[in-house]
Structure formats: structure tokens, C-alpha cells
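Remarks on the structure that follows.
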Amino acid sequence: MALAAPPNMRASLIKANDHRIKRAATRAWIREAGTRRAAIPRACEILADVPEHMATASIHYLLMSIPRIGRYTAHVIAVRLDISDTRTLAELTERQREALIDRLTNIVR
């Protein structure tokens, strides 16, 4: 016999699922820009003002959303800035956030 989930657990599961759906939509929004040059400003916009649903997303996840930035390039960008690529967007310090935005904008130039 299966036990029913407590109401607060159910609410947490619903919230977590909602965040996953919104993260996927944000990733699709970045990708639909088409080119890396057009997608990077969108990623920088997310970095500058992190929405609640993206707070738990890793830097690696965000960077991989940008066209033509794969696993290796995302890792190299993070390592060159002395940031763990598994660090979440909410855990970034202001200096790290600014350095990452600066590095991404330099890729566009």
C-alpha cells in the first residue's frame, strides 16, 4: 500500500518541477537566438539578474545553453576565471559574476 505524500512535500515537488520547466524554457530562449553572438547577451542578462528558477542552475548549464559552446569550452571559461563550473548562479560573488559577463562579452567581439 502506497502512502500519500505529506502536503508540504507535494508542494515542494510541484515547485521543483515548475523550476525545471522554467529552466528549460530559459535555456531554449537563449538557444533560439540562433548564433553565439546573439545568444551571449541573453546569457549575460540572466547572469546580471538571476531569476529564482535559475538560482540553482550551474554555470556549466548556462554556458552550455549558448550555441557553439560545448562541454570543454564551458569548462575552460570557468577554469580561466577560477570558478568551479559546478558552482550555481546564486553562489557567484559579484566579482565572479562581473568577470564571467566580461569574458562572455569578449567572446562576441
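Every number in this text was worked out from the coordinates using simple rules, so none of it is lab data. Please read all numbers here as calculations on a predicted model, not as lab measurements. Cβ sites come from the backbone with ideal geometry, for glycine too, and all protein chains shown count toward neighbours.
Around the amide H of Val50, modelled in the peptide plane, lies no amide H under 5 Å away from a residue 5 or more places distant or on another chain. When Arg27, Arg71 are arranged by Cβ crowding within 10 Å, least crowded first, meaning fewest neighbours, the order is Arg71, Arg27. Cβ crowding within 10 Å ranks Asp49, Asp18 as Asp49, Asp18, fewest other Cβ atoms first. Here the simple spin-label model places points 7 Å from the Cα toward Cβ, and for Lys15 and Glu52 these points are separated by 0.8 nm. Step through the residues of region 72-88 one at a time and calculate ³J(HN,Hα) from phi using the Karplus curve (6.51 cos²θ - 1.76 cosθ + 1.60, θ = phi - 60°), rounding each to whole Hz and writing x for Gly and Pro. Karplus values, whole Hz, x for Gly and Pro: 5, 5, 4, 5, 4, 4, 5, 5, 5, 9, 6, 10, 5, 6, 8, 5, 7. If R0 is 25 Å, the Cβ-Cβ spacing of Arg68 and Ala90 corresponds to a FRET efficiency of close to 0.40. Per-residue 3J(HN,Hα) values for region 94-100, derived from phi via the Karplus relation 6.51 cos²θ - 1.76 cosθ + 1.60 with θ = phi - 60°, read 4, 4, 5, 4, 5, 5, 5 Hz in sequence order (x marks Gly and Pro). Here the extension length gained between Ala28 and Cys44 equals 4.3 nm, from 0.36 nm per residue of separation less the Cα-Cα distance.
The loop-placed GluC sites (Glu not before Pro) in region 11-56, going by DSSP, that have at most 12 neighbouring Cβ atoms within 10 Å of their Cβ come out as Glu32.
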